[in-house]
Amino acid sequence: MRGGRGAGAALASVLDQAATGLTNILVLVLAARLSTASGFAQFSMVYLVFTVLLGLFMAYVGQALVLVRGESADTAAACRSALGFTAAASLAAGAVLAAAGAVLPGPGAGLIALGAVLPLVLLQDGSRYCFSVLARPHHALAADTLRLLGSVAALAAQPQDSSPARLILAWGLATLPSLAAAALLLRRPLAGARMDLRPYVRRGHLGQRFAVEFAVGNGSSQLAVLGLGVFGSPLAVGALRGASTLFGPLNVLFGSANAFGPPLLNRLGAGGRAVVRATAVLAAALAAAAGVWALTWGLLPEGWGRQVLGDTWPAVAALLPATGAQYTLMGLGVSALLTLRVLSPRDTLSVQVVFSLLSVALLALGYVWGGALGAAWGLAAGSAAKAAAAWWRVSRVRRRPAASDAPEGAKERIHDR
């Protein structure tokens, strides 16, 4: 990013990511406490749809936006164009969701509610990337803290056994104060900037690559879990989502490693060997953190778990060993993929594609074999395979002559990432 290189900017960025992660965790925790087990299962399916759409939008728009360089007029124009495209595309996506919800039973009402609030939520999240490219992480932190407080207050005010649609509407409308604050903070830096939506619909837009990588790396497993609710048991979705909610702090750690790891690793200055040593230490630390977190939840009294997830807790507690193993292995895999991102960016996509699809297959086979518990162990097996493959690829990259002294493709990383 241009500017914002000081410790204060880095701290604001980390805290901002923690705020967004905590928002997602508390939304699911509050929804679980306010819902019946079946109601939370439907809420989880709708929220999973939102998670996939958010990931696709931010891969297509946000990740390309933060790579923009140039004068302030260029970055302002890029931000205005990104927000304009997000507004138009999210309105279209919301209309599709509402139409689908009108004909679908079960979570249909929740999908209609999501379609109504989708533009608000995606625009608010898109503003974070604008603040990033404008080197104003403290503004992102302010807006996301307001969103966190608003979401918690809005959901906490809902009555017990609220419907999934009501909870989705409350959560989405709670974004309005944060969106208004972001608009005010962006008003001056974006004043007079031009808007051009044409790059987003042209072939070869950089976001297309990022969207594909998200779809196969993250979206595929989430869509597979959603498929369990459509073709299998919605209760399995609620259990799997509840279990992953407990490990939300680990997702924040993984996200921070991906966001702040590359620039820090590039400063080591000792070539690929130093990078691998650093990421190996990171892998051990992330895996240990995940293992300790899983053990902590496993040792808590049952009453404590019910206080967090309500009626969903018994189903979630049965999945803790498998989900704990999955996140421990994910810590190893995240570190390996981070290593490849620095040393050889071209090598990440093939690993993501092959082993994310393998994870989906293992999830499905596990569900057929043993229901939600089998699906959780399938995801853990997929994470193990991806981590092993990624570290094997790291060893191959290290044996290349070009990787002996310096990261590969250092001058091309913007295009390869």
#### Entry: Subset of the stretch 124-133 [open to solvent by 20 Å² or more (accessible area, probe 1.4 Å) and touching a helix residue (DSSP H, G or I) at 6+ places or on another chain (Cβ under 6 Å)]
R128, Y129
### Query
Which of the residues spanning the stretch 370-382 are open to solvent by 20 Å² or more (accessible area, probe 1.4 Å) and in contact (Cβ under 8 Å) with a residue 24 or more places away in the chain?
G371, A372, L373, W377, L379
### Task
Run A140 past the list (1) open to solvent by less than 10 Å² (accessible area, probe 1.4 Å); (2) touching a residue at least 60 places away in the same chain (Cβ under 8 Å); (3) more than 21 Å from the chain's Cα centre (by Cα) and report the number of the one that doesn't hold.
(3)
## Note on the structure
Residues of the stretch 115-141 being in contact with a Phe, Trp or Tyr (Cβ under 9 Å, 6 or more places away or on another chain) and within 16 Å of L176 (Cβ to Cβ), in sequence order, are V117, L118, V121, L122, D125, G126
### Message
Here is a check on your reading of the model: is L179 open to solvent by 10 Å² or more (accessible area, probe 1.4 Å) and in a helix (DSSP H, G or I)?
### Response
yes
### Query
Which members of the stretch 143-162 meet the condition of being assigned to a helix (DSSP H, G or I) and either surrounded by 19 or more Cβ atoms within 10 Å (Cβ to Cβ) or of a type outside the set (A, V, I, L, M) (or both)?
A143, D144, T145, L146, R147, L148, G150, S151, A154, L155
### Query
Does any residue of the stretch 355-369 turn out to be in a helix (DSSP H, G or I), under 19 Å from the mean Cα position of the chain (by Cα) and either free of Cβ contacts under 8 Å to residues at least 60 places away in the same chain or under 16 Å from A257 (Cβ atoms) (or both)?
yes
### Query
Based on what the data block shows, is L265 modelled with pLDDT of 70 or more, over 30 Å from A372 (Cβ atoms) and either in a helix (DSSP H, G or I) or among the charged types (D, E, K, R) (or both)?
yes
### Candidates A165, A157, A88, filtered to the one that is closer than 30 Å to A191 by Cα and small (G, A, S)
A88
### Query
Restricting to helices (runs of 4 or more DSSP H) lying wholly in the stretch 1-116: which have 3 or more residues that are open to solvent by 60 Å² or more (accessible area, probe 1.4 Å) and modelled with pLDDT under 85?
7-34, 72-103
#### Entry: Search result, residues across the stretch 336-367 that are open to solvent by 10 Å² or more (accessible area, probe 1.4 Å) and of a type in the set (V, I, T)
V353, V354, V360
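The values are calculated or read from the model by the stated rules, or taken from the named source; none is laboratory data. All values reported here derive from a predicted model rather than from experimental measurement. Neighbour counts are summed over all protein chains in view; Cβ atoms, including those assigned to glycine, are modelled from backbone coordinates with ideal geometry. These area figures cover heavy atoms from the full protein model, side chains too; ligands, DNA and RNA do not enter into them. Shrake-Rupley method; radii C 1.70, N 1.55, O 1.52, S 1.80 Å.
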